[in-house]
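Everything on this sheet refers to the single structure shown next.
Just so you know, all these numbers are worked out from the coordinates, no wet-lab data involved. No experiment lies behind these values; they were computed from the predicted model shown. A quick note on method: Cβ atoms are made from the backbone with ideal geometry, for glycine too, and the neighbour counts reach across all protein chains shown.
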Amino acid sequence: MSSQIFSHHVRHRFGRQADHYNSHAKLQRAIAWRLARHCLSLPLPPGPWADLGAGSGLVGQALKEQAQALQKVNAQAKPPLLQVDFCPELLACNPIAKAQGALLWDLNGGLPSELEQPALLTSSFALQWLDDPTRKLELWCSALRPRGWLALAVPTAGSFPQWHQAAAAAAVPFTGLALPSAEGLIAAARRHLQVHTCQPLRFSQPCGNGLTFLRDVRQLGASASRQKPLHPSQLRRLLQHWPAGGTVGWEVLLLVGQRLTP
């Protein structure tokens with residue numbers, strides 16, 4: 001599947017579920033809150049700020065609420081956090097986009113010209129949807145102005161061991177999105193950044209059973225894949241081999257770093 005076709009596939013899936021995204025994105029909201037907490041104390045140079053793959057605005061909303069609660073940032077003094085995303089339906093649900101500006105943009109095409117030498121780039125649960133996430137991360141890092149900051153959260157290849165285990169036991173393909181390795185992303189970031197925070201986080205979420213989990217993924221809008229869907233008989237075998245326990249595991253890399261000076 002070509003890059004352009006897959007981008008539109010992702011956009012369409014999230015667009016159909018945009019109105020319900022926030023009600024299903026519990027882990028994404030928690031990670032956005034954690035990422036925002038790391039951003040509040042960063043010594044940021046002058047320059048534009050942007051949230052890449054901003055979606056419904058979870059990172060921007062967390063930044064706004066935490067700054068107001070801690071009274072650390074004057075809302076009128078800081079640059080707006082430009083909300084960059086390729087899904088217009090999600091941006092329409094994004095309160096930060098309405099207040100601070102939005103740009104409809106496919107990040108597979110690089111960064112938009114509006115983000116020349118940014119001082120802060122944030123991104124949460126977006127990089128994995130792009131072609132060659134490791135290369136895209138390097139491009140983001142190298143685009144920062146000297147002493148600018150990147151704050152990133154991305155699910156990585158250690159996620160969904162129950163799904164992988166069931167697919168192997170059932171002798172059917174794993175049809176989820178191929179996630180980047182945490183090690184590769186960390187190595188790429190270190191080539192450009194002085195890394196201040198690097199946390200591979202692991203979470204277990206209740207999912208009931210395999211069918212419930214797969215339905216939750218679809219309701220979130222996160223069901224796009226470069227793999228062909230399973231035939232009904234293959235799906236039945238997958239669910240029969242799904243491990244008992246009622247949870248599914250996530251591995252999420254949280255990384256915060258500052259661009260090295262030339």
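Things worth noting here:
- Comparing mean-square fluctuations of Ala169, Ala102, Ala119 from a GNM of the chain with C-alpha springs under 10 Å, the top value falls on Ala169.
- Rg/Rh for the chain, where both radii come from Cα atoms and Rh is the Kirkwood radius: 0.97
- Neighbour cut-off at most 15 other Cβ (10 Å), DSSP loop, trypsin sites (Lys or Arg not before Pro), segment 210-249: Arg226
- R0 of 51 Å, Cβ-Cβ distance Leu211-Glu65: FRET efficiency to nearest 0.05: 0.90
- Extension gain (nm, one decimal) between His12 and Ser233, 0.36 nm per residue minus Cα-Cα: 76.9 nm
- Considering only beta bridges that DSSP places wholly inside segment 3-259, some 55 percent are antiparallel.
- Applying a DSSP loop filter and a limit of 12 other Cβ atoms within 10 Å to the trypsin sites (Lys or Arg not before Pro) in segment 1-98 leaves Lys72.
- Of the GluC sites (Glu not before Pro) in segment 75-141, those whose Cβ has at most 16 other Cβ within 10 Å and which sit in DSSP loop: Glu116
- Net +/- balance of residues flanking Pro173 in space, Cβ distance below 15 Å, scoring K and R +1, D and E -1: +4
- Distance from segment 160-228 to segment 21-75 (C-alpha centre basis), Å: 23
- Mean ellipticity per residue at 222 nm, deg cm²/dmol - from DSSP H runs of n ≥ 4 across the chain, formula -39500 (n - 2.57): -11500 deg cm²/dmol
- Radius 14 Å from Cβ of Leu35, net charge of other residues (Lys, Arg +1; Asp, Glu -1): +2
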